[in-house]
Amino acid sequence: MIPGPIEFEPSVLRAMGSATTSHVAPNFIESFGKSLEMMKSIWQCPSGQPFILAGSGTLAMDTAAANLVEPGDKALVISTGYFGDRFAEILKRYGADVTMLKSATGGVIDPDAIESELRRTKYKVLTFTHVDTSTAVLVDPVPIGLLGKKYGVLTILDGVCSVAGEEIRQEEWGIDVVLTASQKAVGVPPGLALLVVSPEAIDKWKSRTTLVGSYYSDWSNWLPIMNAYANRKPSYFGTPAVNLVAALEVSLQLILREGLDVRFERHKRTGDAFRAGIAALGLDQVPVNNQVAANTLSAPMYPDGISGPEFLSSVSSQGVILAGGLLPEIKDKYFRIGHMGSVNKGDIITTLSAIESGLKHCGYPVVTGASINAALNILNI
Ligand SMILES: *Cc1c(COP(=O)(O)O)cnc(C)c1O
């Protein structure tokens, strides 16, 4: 129950374990081509250009920055935690002139504040994080997509902890790049960086006057490959992660078979259930209120006097693995529960039960079953 790598479906793992074929074998070309098509459906971006690259989520961020930023370009970073801060570092590496709007811990930046910054300065790109995995804060992409269009700024959404878990309608919301990694809500072992890029962003990239500063990430190298696979033709630039792509095809099929709206609703209900369960135990949470709380993970604060390592090891001795804190400012004061992908009612009850026992073990008073009752009141509607 950590926020990635998550638990994977047996059929995804079986596909991963099948014999490795050539990257130009007909069955692999079909798998790659279908995965590209399914990404457009899941991102809800029919006119977007999908990319499947071997690498982690950080490579997806790096690729967006390398291709869309030229030295001296102005970039606005909306940071709601650790991964927003990371985007600023990546953009600087490619020569961007970065301004950061940083939220208070657990909060978001008011869209009016973003608009006044966009009115003051002409930016080329704006980055923001849908769910910052360090704070469990959820940002509403809709007003930011609109602002991007209004001020002619390319918008880049870090959706590593949200794609296929939180609602995303990339094209309708006017977001230029939505990127993620395989091991979170997409449900595939770590190793794939996934991006969908709008036609406007591709045009901006084409009008660059300087070379892309990363050879591996350069879309000049990858665009012909993606087009070839989309047209079911063999092609080569760098060997794709063949087994991971086979697993991706299966997982994307499972996601579409569940149905996007059903899947988003299921994650929302799971998030509501965890928040209610945690609140019933009297624990505070990092997000300042439920409107800005993610549905893909939760971030409860430890009660006063509870030792994080002792609590986490007690929970883990019951077979449930949770994650510690990540945001440097409050790292030792909270923990994280991932609830992306195929999390069911049994997982929720088991996790809350282990949290209750872990708290009791550390000397915190708990009414047995309080968190489970609160969660079931939501799950059994
Ligand atoms: C996990 C994560 C990343 C980094 O992904 P890696 O695969 O660990 O490189 C970036 N952004 C967010 C929001 C994440 O949750």
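The values are calculated or read from the model by the stated rules, or taken from the named source; none is laboratory data. Computed from a predicted structure; not experimentally measured. All Cβ positions, glycine included, derive from the backbone under ideal geometry; neighbour counts span all protein chains shown. The protein model used for the area step is the full one, side chains on, heavy atoms only, and it has no ligands, DNA or RNA in it. Shrake-Rupley method; radii C 1.70, N 1.55, O 1.52, S 1.80 Å.
Just a few scattered comments:
- Looking across the range 125-147, the residues that are hydrophobic (A, V, I, L, M, F, W, C) and either part of a loop (DSSP other than H, G, I, E, B) or not assigned by TED's automatic domain parsing to the domain that holds Asp73 (or both) come down to Ala136, Val139.
- Residues in the range 59-86 that are open to solvent by 10 Å² or more (accessible area, probe 1.4 Å) and in a strand (DSSP E or B): Lys74 only.
- Selection of the range 9-34 for residues being within 10 Å of Ala247 (Cα to Cα) and open to solvent by less than 60 Å² (accessible area, probe 1.4 Å) yields Ser11, Val12, Ala15, Met16, Ser18, Ser31.
- Index of the failed condition, Val292 passing every other in (1) β-branched (Val, Ile, Thr); (2) loosely packed, with under 15 Cβ neighbours inside 10 Å; (3) under 16 Å from Ala136 (Cβ atoms): (2)
- Matching option when the condition is in a loop (DSSP other than H, G, I, E, B), more than 16 Å from the ligand (Cβ to nearest atom) and surrounded by fewer than 24 Cβ atoms within 10 Å (Cβ to Cβ), among Lys122, Lys150: Lys122
- Just one of (1) open to solvent by 40 Å² or more (accessible area, probe 1.4 Å); (2) within 16 Å of the ligand (Cβ to nearest atom); (3) not in a loop (DSSP other than H, G, I, E, B) fails for Met1. It is (3).
- Condition check for Gly95: touching a residue at least 24 places away in the same chain (Cβ under 8 Å), surrounded by fewer than 18 Cβ atoms within 10 Å (Cβ to Cβ) and on the phi > 0 side of the Ramachandran plot: yes
- Residue that is nearest to the ligand (Cβ to nearest atom), among those in the range 96-112 that are of a type in the set (A, V, I, L, M, F, W, C) and assigned to a loop (DSSP other than H, G, I, E, B): Val108
- Residues that are open to solvent by less than 10 Å² (accessible area, probe 1.4 Å) and either without any contact (Cβ under 8 Å) to a residue 60 or more places away in the chain or under 14 Å from Gly4 (Cβ atoms) (or both), drawn from the range 153-165: Thr155, Leu157, Asp158, Gly159, Cys161, Ser162, Val163, Ala164, Gly165
- Search result, residues across the range 94-112 that are closer than 23 Å to Ile168 by Cα and small (Gly, Ala, Ser): Ser103, Gly106, Gly107
- Just one of the listed residues (Glu89, Glu115) is more than 30 Å from Asp284 (Cβ to Cβ), assigned to a helix (DSSP H, G or I) and open to solvent by 20 Å² or more (accessible area, probe 1.4 Å), and it is Glu115.
- Residue that is farthest from Ala299 (Cα to Cα), among those in the range 341-381 that are in a loop (DSSP other than H, G, I, E, B) and touching a helix residue (DSSP H, G or I) at 6+ places or on another chain (Cβ under 7 Å): Thr368
- Test result for Ala60, at positive phi, of a type outside the set (D, E, K, R), within 13 Å of the ligand (Cβ to nearest atom) and assigned by TED's automatic domain parsing to the domain that holds Ile202: no
- Between Ala136, Ala193, the distinction of being surrounded by 24 or more Cβ atoms within 10 Å (Cβ to Cβ) and within 10 Å of the ligand (Cβ to nearest atom) belongs to Ala193 only.
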